[in-house]
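Note sheet for the following structure.
The values are calculated or read from the model by the stated rules, or taken from the named source; none is laboratory data. The structure presented is a predicted model; accordingly, all values stated were derived computationally and were not measured. Neighbour counts run over all protein chains shown; Cβ positions are idealised from the backbone, glycine included. Note: areas computed on protein heavy atoms with side chains; ligands, DNA, RNA excluded. Shrake-Rupley method; radii C 1.70, N 1.55, O 1.52, S 1.80 Å.
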Amino acid sequence: MQHARKKIGLALGGGGAKGLAHIGILKVFEQNNIPIDYIAGTSIGAMVGGYYAASKSARFVEEVALNSDMKQFASLMFELTRDGGLVRGDKILAYLEKSLDGMDFSELKIPFAAAATELNCGDVYYFEKEGDVARAIRASISYPPVFAPLKIKNKLYVDGGLSCQVPVDKVKQMGADIVVAVDLEGDYVFHKKVFNQAAAIGNTYRVFRASIKVLVKKLGEYNTQKADLVITPLVGKYRTWADFDKARQLIKIGEESAKKALKDIKKLL
């Protein structure tokens, strides 16, 4: 009698450009015939996860990241607004709509959930099952104060990382027997240059940035406690918003981290 295969869920964490490492992990999973039955993502994890759920092809997601459109995506961050963020988000939403061909959740090839934070109450909210995938991703990546919040039915949604850095619990809820989490902030790097700037008298901005990194790191550690396996790509030296042009290097790091985890994943299976 043949036993039913265990269902695998992938929880992709937030981290801006560092999340391009997620693509390398997806590539290694495909190359080793490791199926993904459920996928949930926060911020850049929602973006990469959404593209993968739409295509079920790591190669497709990689092509999106490596072509000139990804550089265009980074440039859209300078679309200034007074609506609660530096970036209005209309152009980014249009970019997502175009590259995802206006896809609805019901059309996805893999069950997918995008984590956002409902600003009205502070709770995590998951877009899933129905509705516009591009709009869900736009909500999940609304990192304040860079992106303006997304308003839907009198509710404001901001970056999912404020309430759930790595959506492990959601993947379990979706039905996964095995949850593999990818924590981009686990590789905490505190650069000497940042240390010197933070230590400088009056440089409160640098201290604030470093403090936020600590909070995000600790939230990621908390979120991944129930994961069966945590992959931590060594992306700590990369910048959240400025390194979208480092896609090849980041994808490679993701591949290396996934290869190191293969033995453990196969044991779980």
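Please verify whether the stretch 109-131 includes one or more residues that are of a type in the set (Asp, Glu), open to solvent by 50 Å² or more (accessible area, probe 1.4 Å), at pLDDT below 95 and under 20 Å from Val171 (Cα atoms).
yes
Take the residues in the stretch 220-247 that are outside any loop (DSSP other than H, G, I, E, B) and at pLDDT 95 or above, then tell me which one is most open to solvent (accessible area, probe 1.4 Å). Don't jump to the end; show me each part of the working.
Kept after step one, since they are outside any loop (DSSP other than H, G, I, E, B), are these residues of the stretch 220-247: 220-223, 229-231, 244-247.
Next, only the ones that are at pLDDT 95 or above stay: 220-223, 229-231.
Working: Gly220: 0, Glu221: 74, Tyr222: 149, Asn223: 21, Leu229: 24, Val230: 63, Ile231: 5 Å².
If we take residues in the stretch 220-247 being outside any loop (DSSP other than H, G, I, E, B) and at pLDDT 95 or above, then Tyr222 is most open to solvent (accessible area, probe 1.4 Å).
Restricting to the stretch 36-62, what's the tally of residues that are among the hydroxyl-bearing types (Ser, Thr, Tyr) and not in a helix (DSSP H, G or I)? Lay out the reasoning, then the answer.
Filtering the stretch 36-62 down to residues among the hydroxyl-bearing types (Ser, Thr, Tyr) leaves 38, 42-43, 51-52, 55, 57.
Checking the rest, the ones that are also not in a helix (DSSP H, G or I) come to 38, 42-43, 57.
The qualifying residues number 4.
Which residues, taken from the stretch 132-155, are in a helix (DSSP H, G or I), farther than 16 Å from Leu12 by Cβ and either open to solvent by less than 60 Å² (accessible area, probe 1.4 Å) or in contact with a Lys or Arg (Cβ under 8 Å, 6 or more places away or on another chain) (or both)? Please lay out each step first, then the result.
From the stretch 132-155, those in a helix (DSSP H, G or I) are 133-140; that's our starting set.
The next check asks that each one be farther than 16 Å from Leu12 by Cβ; those that pass are 134-135, 138.
Within the stretch 132-155, Ala134, Arg138 qualify.
Check the stretch 258-269 and report whether any residue there is part of a loop (DSSP other than H, G, I, E, B), within 19 Å of Asn32 (Cα to Cα) and hydrophobic (A, V, I, L, M, F, W, C).
Step one: list which residues in the stretch 258-269 are part of a loop (DSSP other than H, G, I, E, B), which gives 269.
Then drop every residue that is not within 19 Å of Asn32 (Cα to Cα), which leaves 269.
Checking the rest, the ones that are also hydrophobic (A, V, I, L, M, F, W, C) come to 269.
Looking for residues that are part of a loop (DSSP other than H, G, I, E, B), within 19 Å of Asn32 (Cα to Cα) and hydrophobic (A, V, I, L, M, F, W, C), one finds at least one in the stretch 258-269, hence yes.
Can you name every residue in the stretch 19-35 that is open to solvent by 10 Å² or more (accessible area, probe 1.4 Å), part of a helix (DSSP H, G or I) and touching a helix residue (DSSP H, G or I) at 6+ places or on another chain (Cβ under 8 Å)?
Lys27, Glu30
Does any residue of the stretch 145-157 turn out to be at pLDDT 95 or above and small (Gly, Ala, Ser)?
no
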